[in-house]
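What follows is a single structure, written as structure tokens, with notes after it.
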Amino acid sequence: MKYSRNTLNKAGQTIISEEDVFKVAEATTMIDDWRALHQPVLENMSAQVEQILATNNIPVAFSSKRLKRMTSIVDKLKHNPKMGLGGVQDIGGARFAFEDIPTLLSAYQLLQNTPLDDFSQERTYNYVQTPKESGYRSIHFVYKYHSKEVDKDGLLVELQIRTRLQHDWATAVETAELISQSPLKASVGDEQWQNYFKLVSAIFARQENQAVSANYANFTEADFCKQYDKVENEHKFTEQLSSLVGAVRITSEKSFSKGYVVVHINYENHISQLRHFTSEEVGAANELYSKVESSIDRKKGAVVLVSVSDMTELLEAYPSYFLNAKEFIDALLQFHNGCRLSGHIT
């Protein structure tokens with residue numbers, strides 16, 4: 001690799017603890033360069049996964065690729081101090097979503113047993129079978145790239161596969177972070193919001209006939225109905241998320257097809273700006289991404305560089321960047337209405 005693990009760990013430590021702005025700027029520039037090296041590796045891995053799924057007639061609801069945001073890198077290092085930047089496995093990440101559990105499990109079985117050219121499958125994490133404490137559910141594959149190009153040899157990229165319902169939950173958490181002003185994805189911050197998402201995760205897992213966390217292992221359908229009704233009456237969490245739907249105005253200089261998109265959301269004025277780049281303009285896309293990222297206040301906005309096929313896929317893959325939790329809300333409204341119809345709540 002272009003940078004050793006020790007060099008990366010030092011750079012990571014610098015950006016989270018160093019007070020010298022010049023040292024932080026130097027470390028940030030190096031990390032930006034290292035992050036950009038993941039882009040072609042990520043594209044390679046994702047293209048192979050797409051081909052494997054298509055060849056075996058496994059339908060994909062939508063897919064996307066992204067380079068990890070600097071703010072997310074900083075948060076991860078702060079909450080996992082022993083990891084070090086060199087141990088971060090998802091600097092480049094691809095995500096494939098499926099309509100239901102049977103399709104997801106078919107994809108999981110296939111990908112477990114199908115090697116990718118120039119990649120070794122390093123680790124697999126099945127958070128569907130064993131959900132995280134936060135309620136997060138998805139399946140992750142970590143791949144290592146093997147290449148004659150020294151700069152890229154040994155880079156790690158991550159593949160996430162999940163159902164649409166699991167995706168709705170995960171992106172709703174990101175939207176709620178804007179309301180609570182706390183990193184809920186890292187199980188940090190507002191405890192009431194954290195508990196709400198743990199409960200909803202268990203509700204969704206039960207709907208998909210999958211494992212729920214230990215706290216809800218003995219819950220019946222009536223228990224889930226009563227607990228959700230109680231929490232929603234007291235805190236109006238779903239209502240708060242619902243109030244954001246449609247609140248964002250999207251500005252884009254043109255429609256797009258494939259390539260890369262830099263998305264910037266301003267939390268204060270509820271505007272999401274898009275800038276599209278062709279596949280050949282990946283260098284310019286990374287450059288703009290880094291510049292915008294270094295200039296914004298993370299409490300007022302966020303930026304991400306993604307690769308999607310079109311606007312529809314962008315809206316499905318990254319609803320939190322448009323303050324849109326509609327599918328998540330609709331699933332809960334359907335559950336809540338079912339609770340009333342069954343007589344579990346009034």
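Every number here is computed from the coordinates shown, using simple stated rules; none is lab data. All values derive from a computational prediction rather than experimental measurement. Positions of Cβ are generated from backbone atoms using ideal geometry, with glycine treated the same way; all protein chains shown enter the neighbour counts.
With r as the distance between the Cβ atoms of D330 and S294 and R0 = 56 Å, compute the FRET efficiency 1/(1 + (r/R0)^6) and round to 0.05.
For R0 = 56 Å, the calculated efficiency reads 0.90.
Is there a pair in K76/K236; K10/K78; K76/K132 whose C-alpha atoms are over 23 Å apart, and which pairs would that be?
Cα-Cα > 23 Å for K76/K236; rest within.
Let me understand the stretch 160-224 better: what is its radius of gyration from the alpha carbons, and its Dmax, in angstrom?
12.3, 33
What is the gain in length, in nm to one decimal, between D153 and S257 on full extension, counting 0.36 nm per residue of separation less the C-alpha to C-alpha distance?
Gain in length upon complete extension: 34.4 nm.
Once the Cβ-Cβ distance between D229 and I271 is put in as r, and R0 is 35 Å, what FRET efficiency do you end up with, to the nearest 0.05?
Working from the Cβ atoms, E equals 0.50.
Mind giving me the nanometre distance, one decimal, between the label points for Q240 and E133, set 7 Å out from Cα along Cα→Cβ?
2.2 nm
With a sphere of radius 12 Å drawn around the Cβ of M30, what net charge do the other residues whose Cβ falls strictly inside it have (Lys, Arg +1; Asp, Glu -1)?
+1
Report the dimensions of the chain along its three principal axes from the alpha-carbon atoms, largest first, rounded to Å.
63, 45, 44
In Å and from the alpha-carbon atoms only, list the Rg and Dmax of the stretch 75-188.
Both quantities, over Cα of the stretch 75-188: 15.5, 46 Å.
How many percent of the alpha carbon pairs in the stretch 5-163 exceed a separation of 19 Å?
Tail fraction, whole percent: 57.
For the chain, what does -39500 (n - 2.57) per DSSP helix run (n ≥ 4), summed and divided by total residues, give at 222 nm, in deg cm²/dmol to the nearest 500?
-15500 deg cm²/dmol
So if R0 is 41 Å, what FRET efficiency would S342 and F22 give, r being the distance between their Cβ atoms, rounded to the nearest 0.05?
FRET efficiency, S342 to F22: 0.05.
Helix 101-112 versus the longest principal axis of the chain: what angle, 0 to 90°, nearest 10, using Cα atoms?
With rounding to tens, the tilt is 30 degrees.
For the chain, give the share of DSSP beta bridges that are antiparallel, in percent and rounded to the nearest 5; count only bridges with both residues there.
75 percent
Do any trypsin sites (Lys or Arg not before Pro) in the stretch 141-171 lie in a DSSP loop with no more than 12 other beta carbon atoms within 10 Å, and if so, which?
Passing sites in the stretch 141-171 are K148.
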